[in-house]
Amino acid sequence: MTTLTRLPDDYVQNPHEVHDLLRAEGPVQELQLPRGLKVWLVTRYDEAKLALTAPQVSKNVLEGGHLMAAHSSGEVENREIEPTLSVHMLNMDPPGHTRLRKLVTKAFTARRVELMRPRVQEIAAELLAKLADGDEVDLLEAFAFPLPITVICELLGIPIDNRADFREWSNQLLTFGTAEQVQAAASAMAAFLHQHVTAIAEAEPNDTFFSALVHADDSGDRLSTEELISMAFLLLVAGHETTVNLIGNAVLALLRNPEQLRVLKDRPELIPASTEEFLRLEGPVNVATFRYTKEPLDLGGVTVPAGEIVMVSLIAANRDPEKYENPAQLDVTRSAQGHLAFGHGIHFCLGAPLARLEFDVALTQLLARFPNLSLAAEPETLVWRDSTLIRGLHTLPVRLA
């Protein structure tokens with residue numbers, strides 16, 4: 001393979017094979033996505049790390065969003081979502097990003113996250129207690145989804161009755177739905193969150209996370225209603241999507257590598273540290289969120305001109321053989337520190353401690369309760385979600401005994 005001008009239509013079903021070919025050619029390639037958008041795709045570790053932090057690269061969607069249309073072949077539908085859902089930290093550069101991150105960090109402390117461990121353990125135990133030995137279930141539906149969505153809804157003070165709605169809205173926004181589906185999901189999400197934020201703001205402050213966020217104050221500076229709606233949207237979507245797919249991808253990897261599964265069943269104390277290997281091997285995010293060049297950027301001897309969309313594949317960088325030996329192999333005893341699954345630099349995932357905690361609890365309890373867990377489908381029949389952003393399965397059928 002000398003030049004890949006367009007990613008194959010089935011790219012999301014096997015991105016690793018494509019990434020290996022691209023990485024062998026160079027650190028970054030100019031190409032088209034299956035739906036016709038022209039981008040520069042970064043697949044090597046060192047260049048990915050640089051692209052995530054380079055001052056020549058911006059995340060300002062308000063200023064750079066027009067590039068989506070400018071670099072489209074005409075096949076890409078206008079999928080812009082509600083402005084009230086877009087003014088969050090992931091779509092900003094400093095100083096706006098710095099201000100929002102500082103305010104959110106005041107409410108989202110490591111101590112507050114760790115205090116959630118008993119409740120996360122309780123939720124996981126309740127979910128697993130509903131399952132019975134011998135049953136065949138979709139592990140995503142029965143466990144991997146309800147655990148983090150319950151946690152994040154409680155964190156935001158959102159009634160759990162809305163859980164199914166959030167899943168549907170999130171799925172439409174993160175996968176390749178039609179423009180009409182995306183607009184409808186965004187409008188519904190924005191309307192609900194506006195009502196929720198308004199109610200919290202009018203209530204007396206309390207010690208819950210979202211109340212602390214709504215009333216967070218830094219020398220008189222507070223988040224506006226629009227900023228709170230957008231922040232709630234970011235926390236809600238990112239707060240469950242990443243963990244759902246981290247759990248699902250990790251369980252699939254273990255069931256395909258029974259010797260590694262045996263290691264963790266025999267030594268469950270290794271599970272917390274093994275989280276980093278699962279994040280490295282098959283992280284929940286393929287391509288990092290929107291970035292573009294404000295000025296020309298050199299990536300490993302390749303110059304990306306100004307005004308170009310830069311897509312950093314986190315899962316490709318995490319399988320760079322220059323960084324990790326035998327990168328396609330699962331090794332739960334590997335030191336996978338330095339992986340990019342949660343990003344790098346000022347946009348490093350704020351919710352990483354919560355995702356790690358939830359994964360530790362989920363896998364520990366799952367393997368203890370169902371030690372004979374096995375796949376109920378051939379691996380090659382499993383279907384990955386149609387998204388370049390999210391790396392996750394549609395379903396994960398398993399037998400519990």
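Find the centroid of the Cα atoms in the stretch 227-262 and in the stretch 281-356, then give the distance between the two in whole Å.
16
Which percent, to the nearest 5, of DSSP beta bridges fully inside the chain are antiparallel?
Percent antiparallel among DSSP bridges in the chain is about 85.
Determine the sum of side-chain charges near L393: Lys and Arg each +1, Asp and Glu each -1, restricted to other residues whose C-beta is under 14 angstrom from that of L393.
-4
Near A216, within a Cβ-to-Cβ distance under 12 Å, what is the net charge of the other residues, with Lys and Arg +1 and Asp and Glu -1?
+1
Starting from the 7 Å offset along Cα-to-Cβ, what nm value, one decimal, do you get for the label separation of T381 and A129?
For T381 paired with A129, the spin-label model returns 3.4 nm.
Points 7 angstrom from Cα along the Cβ direction at S73 and A306: gap in nanometres?
2.9
From zero outward in steps of 10 Å, how is the percent of C-alpha pairs of the stretch 304-352 spread across the bins?
21, 43, 29, 7, 1
How long is the gain from L270 to N257 if the chain were fully straight, where each residue apart is worth 0.36 nm and the alpha carbon distance is subtracted?
Fully extending the segment from L270 to N257 adds 3.1 nm.
Mean residue ellipticity at 222 nm from the helices of the chain, using -39,500 (n - 2.57) per DSSP H segment of n ≥ 4 over the full residue count, to the nearest 500 deg cm²/dmol?
Using -39500 (n - 2.57) per qualifying helix, the result is -14000 deg cm²/dmol.
May I ask you to compute the full-extension gain from D165 to S187, defined as 0.36 nm times their residue separation minus their alpha-carbon distance, rounded to one decimal in nm?
6.7 nm
Among L127, L174, L279, which residue has its Cα furthest toward the positive end of the charge dipole of the chain, with +1 on Lys/Arg Cβ and -1 on Asp/Glu Cβ?
Of L127, L174, L279, it is L279.
Taking the square root of 5 times each eigenvalue of the Cα gyration tensor, what semi-axes in Å does the equivalent ellipsoid of the chain have, largest first?
30, 29, 20
Just want to confirm a number: the relative contact order over the chain, from Cα pairs under 8 angstrom separated by 6+ residues, in percent.
26 percent.
Long-range amide H contacts for R6: which residues qualify at under 5 Å (H placed 1.01 Å from N, peptide plane, sequence gap of 5 or more or a different chain)?
So R6 has HN proximity to Q32.
Nearest 20 debye, what's the magnitude of the dipole of the stretch 11-399 about its Cα centre given +1 on Lys and Arg Cβ and -1 on Asp and Glu Cβ?
Computed charge dipole of the stretch 11-399: roughly 620 debye.
Could you give the size of the charge dipole of the stretch 118-167 about its Cα centre, using +1 on the Cβ of each K and R and -1 on the Cβ of each D and E, expressed in debye and rounded to the nearest 20?
Roughly 240 debye, rounded to the nearest 20.
Which pairs, out of K106/K130; K49/K102; K38/K106; K102/K265; K106/K294, put more than 29 Å between their alpha-carbon atoms?
Violating the 29 Å limit, Cα to Cα: K106/K130; K38/K106; K102/K265; K106/K294.
A short reminder: the numbers here are calculations on the coordinates, not readings from a lab. Everything quoted here is computed from the prediction, not taken from an experiment. Backbone-built Cβ (ideal geometry, glycine too); neighbour counts: all protein chains shown.
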